[in-house]
């Protein structure tokens, strides 16, 4: 049986990550991308806000014909006055939610200062700091590709969060 999975974004890195991770997990699904609002700041600045964006996206993308929907929100949070980036994900089945995240990484201090002082989102801050020239880096390799010098790209970083999510989902639903 093919599941209908809605995702609350048009960001191709996120959509591709979901499609690939569903296949990797052996979940037969068609992915439908829906443009929705996150309901949080353009650049979330706490774990709570990042997860709230993922929840809002998942719930907004859910349709009557959905088996479940997915919300993905990258955001930042502080530890010891340092700013870290993380990918938060939510699966919504119309009644219950399930959460997971990726690993996180610390942002360079100049990028942190730009985000905090000028209230720019991460992609804009990377360009302003001179670390990349493409303002659409978030839809491509992402900040992680800039920070890791291409060793990790956003699609795979997002897949890490989705792997964690689907592992829990399969366990809770007695699926192998």
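Taking the stretch 40-54 as the region of interest, how many residues are farther than 18 Å from residue 138 by Cβ and out of contact with any strand residue (DSSP E or B) (no Cβ under 7 Å at 6 or more places or on another chain)?
Total satisfying the criteria: 2.
For the stretch 59-84, enumerate the residues that are under 11 Å from the mean Cα position of the chain (by Cα) and without any contact (Cβ under 8 Å) to a residue 60 or more places away in the chain.
Residues satisfying the conditions are 73, 75.
For the condition crowded, with 20+ Cβ neighbours inside 10 Å, out of contact with any helix residue (DSSP H, G or I) (no Cβ under 9 Å at 6 or more places or on another chain), modelled with pLDDT of 95 or more and outside any strand (DSSP E or B), what is the one hit in 50, 19?
Going through 50, 19 in turn, just one is crowded, with 20+ Cβ neighbours inside 10 Å, out of contact with any helix residue (DSSP H, G or I) (no Cβ under 9 Å at 6 or more places or on another chain), modelled with pLDDT of 95 or more and outside any strand (DSSP E or B): 50.
Restricting to the stretch 109-147, count the residues that are part of a loop (DSSP other than H, G, I, E, B), under 21 Å from residue 78 (Cα atoms) and under 19 Å from the mean Cα position of the chain (by Cα).
Adding up the residues that qualify gives 2.
So is residue 38 part of a helix (DSSP H, G or I) and either closer than 21 Å to residue 123 by Cα or under 14 Å from the mean Cα position of the chain (by Cα) (or both) or not?
Here the answer is no, as residue 38 does not meet what is asked.
Among the residues of the stretch 24-37, is any buried (at least 22 other Cβ atoms within 10 Å of the Cβ) and at pLDDT 95 or above?
no
Could you tell me which residue of the stretch 133-145 is nearest to residue 84 (Cα to Cα), considering only residues that are surrounded by fewer than 20 Cβ atoms within 10 Å (Cβ to Cβ) and in contact (Cβ under 8 Å) with a residue 12 or more places away in the chain?
Applying the filter and picking the extreme gives 138.
Look through the stretch 91-108, keep the residues that are in contact (Cβ under 8 Å) with a residue 60 or more places away in the chain and assigned to a strand (DSSP E or B), and return whichever of them is nearest to residue 7 (Cα to Cα).
Here the residue is 91.
Being more than 17 Å from the chain's Cα centre (by Cα) and part of a loop (DSSP other than H, G, I, E, B) is the filter; apply it to the stretch 148-173 and report the residue that is nearest to residue 23 (Cα to Cα).
This residue is 173.
Out of curiosity, is residue 112 in contact with a strand residue (DSSP E or B) (Cβ under 9 Å, 6 or more places away or on another chain), surrounded by fewer than 22 Cβ atoms within 10 Å (Cβ to Cβ), at pLDDT 95 or above and farther than 24 Å from residue 166 by Cβ?
yes
Residue check: is residue 9 in contact with a helix residue (DSSP H, G or I) (Cβ under 7 Å, 6 or more places away or on another chain), closer than 26 Å to residue 145 by Cβ and not in a strand (DSSP E or B)?
It is true that residue 9 is in contact with a helix residue (DSSP H, G or I) (Cβ under 7 Å, 6 or more places away or on another chain), closer than 26 Å to residue 145 by Cβ and not in a strand (DSSP E or B).
For residue 34, state whether it is in contact with a strand residue (DSSP E or B) (Cβ under 8 Å, 6 or more places away or on another chain) and under 17 Å from residue 166 (Cβ atoms).
Answer is no for this residue.
The values are calculated or read from the model by the stated rules, or taken from the named source; none is laboratory data. Please read all numbers here as calculations on a predicted model, not as lab measurements. With ideal geometry, Cβ positions are generated from the backbone for all residues, glycine too; neighbour counts draw on all protein chains shown.
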